[in-house]
1. For Glu69, which of the numbered conditions (1) among the charged types (D, E, K, R); (2) over 23 Å from the mean Cα position of the chain (by Cα); (3) within 15 Å of the ligand (Cβ to nearest atom) fails to hold?
2. Would you pick out the residues in the range 206-226 that are touching a residue at least 12 places away in the same chain (Cβ under 8 Å), closer than 28 Å to Tyr194 by Cβ and small (Gly, Ala, Ser)?
3. Could you tell me which residue of the range 96-116 is farthest from the ligand (Cβ to nearest atom), considering only residues that are surrounded by fewer than 18 Cβ atoms within 10 Å (Cβ to Cβ) and closer than 22 Å to Gly151 by Cα?
4. Scan the range 240-259 for residues that are crowded, with 17+ Cβ neighbours inside 10 Å and not β-branched (Val, Ile, Thr) and jot them down.
5. Could you check the range 146-191 and list, in sequence order, the residues that are buried (at least 18 other Cβ atoms within 10 Å of the Cβ) and farther than 25 Å from Val242 by Cβ?
6. If a residue must be touching a residue at least 12 places away in the same chain (Cβ under 8 Å), more than 15 Å from the ligand (Cβ to nearest atom) and among the small types (Gly, Ala, Ser), how many such residues does the range 131-163 contain?
7. Can you run down the residue pairs with Cβ atoms below 6 Å, 6 or more apart or on separate chains, where the first is in the range 267-294 and away from the ligand (no atom under 14 Å from the Cβ) and the partner is of a type in the set (D, E, K, R)?
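Bear in mind that the values in this text are calculations on the coordinates, not laboratory data. This one's a predicted model, so the numbers in the text were calculated from it and none came from an experiment. Please note: Cβ atoms are built from the backbone with ideal geometry, for glycine as well, and neighbour counts cover all protein chains shown.
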Amino acid sequence: MPQKILKSAHYIELGSYQYWPVLVPRGIRLYTYEQIPVFLKENPYITDGYRAHLPSKLCLKSMFVLSNETVNIWTHLLGFLLFFLLGVDDMSTVLPAAGASREDYVIYSIGLFCFQVCMLCSVGYHLFCCHRSENTSRRWLALDYAGISVGILGCYVPGVFYAFFCDSFWRQVYLVTVLALILAVFAVQIHPLYHTQEWKMLRSSIFCLVAAYGIVPACHWVWLNGGFHADIVQVFFPRVMVMYLLAAAAFLFYISKVPERYFPGQLNYLGASHQLWHVLVVLMFYWWHQTAVYITHYRHSQPCQDFSSANG
Ligand SMILES: [Zn+2]
């Protein structure tokens with residue numbers, strides 16, 4: 001008796017004229033851009049490799065199928081694993097070696113927890129966006145956006161905490177304002193129009209605003225430390241700049257749909273803008289975490305100075 005065939009071959013286009021056979025489990029098939037439901041039509045330059053109309057179980061199963069979401073799913077799944085392992089390493093090795101206080105442990109836990117939540121919300125969205133129910137798909141999209149806000153919060157908390165380590169007043173002012181800002185974004189995200197195409201610009205603007213707000217405490221921190229010539233500023237300011245460059249690059253790929261815009265149909269599976277955005281986000285969080293480790297060592301080796309003497 002012939003063995004029951006559970007998988008069917010599906011040919012996908014990789015590059016311009018190369019067709020590769022992939023095995024797709026029964027119940028899952030891949031669609032072209034024209035064939036997918038309207039709510040999934042977000043990027044016309046990704047022409048093929050879409051999953052659609054799937055029940056939850058097959059959405060989950062589809063993570064092992066090569067589709068145009070595979071790289072998106074796995075980059076942030078591995079990102080989650082990275083920040084989880086970094087957390088274990090911090091708690092067991094890095095923080096004890098730095099002579100960390102209880103506050104350090106709390107701040108590290110908050111930061112890494114936020115990164116992990118951001119990664120998991122993203123994985124969830126890219127797994128379940130192809131759900132047969134449009135409502136479910138949209139809910140996951142909302143969660144993905146909420147996850148980005150949580151990720152941004154995870155950058156602010158250690159950033160503000162260590163930048164204003166010796167100035168508890170401003171530390172509290174900035175932590176409270178950042179928290180208020182993120183909560184305000186959550187409130188806007190509940191609005192029924194928030195995830196519609198019409199509000200696309202507003203959505204991007206809100207995230208830019210939340211990220212750009214960081215310039216305020218950054219400039220204030222430079223000023224409190226006595227300007228750009230101060231040692232601590234020379235050490236840490238370039239790190240903040242790299243962080244913003246990474247964020248800007250990630251965001252530009254995200255909104256511009258470059259490079260697939262110039263190679264429609266050729267970057268369906270690998271090299272699309274959303275994949276670059278994912279990788280840059282992981283890189284950015286990792287960079288910020290390493291900066292936090294660096295500044296923690298610095299803070300515990302150099303006692304706080306009186307800021308009033310630095311400002312004259
Ligand atoms: Zn994504």
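1. Status for Glu69: all satisfied but (2).
2. Ala211, Gly214
3. Quick first cut of the range 96-116, residues surrounded by fewer than 18 Cβ atoms within 10 Å (Cβ to Cβ) only: 96-99, 101-103, 105-106, 109-110, 113.
Then keep just the ones that are closer than 22 Å to Gly151 by Cα; that gives 103, 105-106, 109-110, 113.
Details: Glu103: 33, Tyr105: 30, Val106: 29, Ser109: 25, Ile110: 23, Phe113: 20 Å.
Selected residue: Glu103.
4. Narrowing the range 240-259 to residues crowded, with 17+ Cβ neighbours inside 10 Å: 240, 243, 246-247, 250-251, 253-254, 257.
Residues satisfying the conditions are Met243, Leu246, Ala247, Ala250, Phe251, Phe253, Tyr254, Lys257.
5. Ala146
6. 3
7. The qualifying pairs are Leu267/Glu260; Asn268/Asp48; Thr291/Arg239.
Matching residues to (1) assigned to a loop (DSSP other than H, G, I, E, B); (2) more than 27 Å from Phe164 (Cα to Cα):
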| site | (1), (2) |
| --- | --- |
| Gln234 | no, no |
| Phe237 | no, no |
| Met243 | no, no |
| Ala247 | no, no |
| Phe251 | no, yes |
| Tyr262 | yes, yes |
| Leu267 | yes, yes |
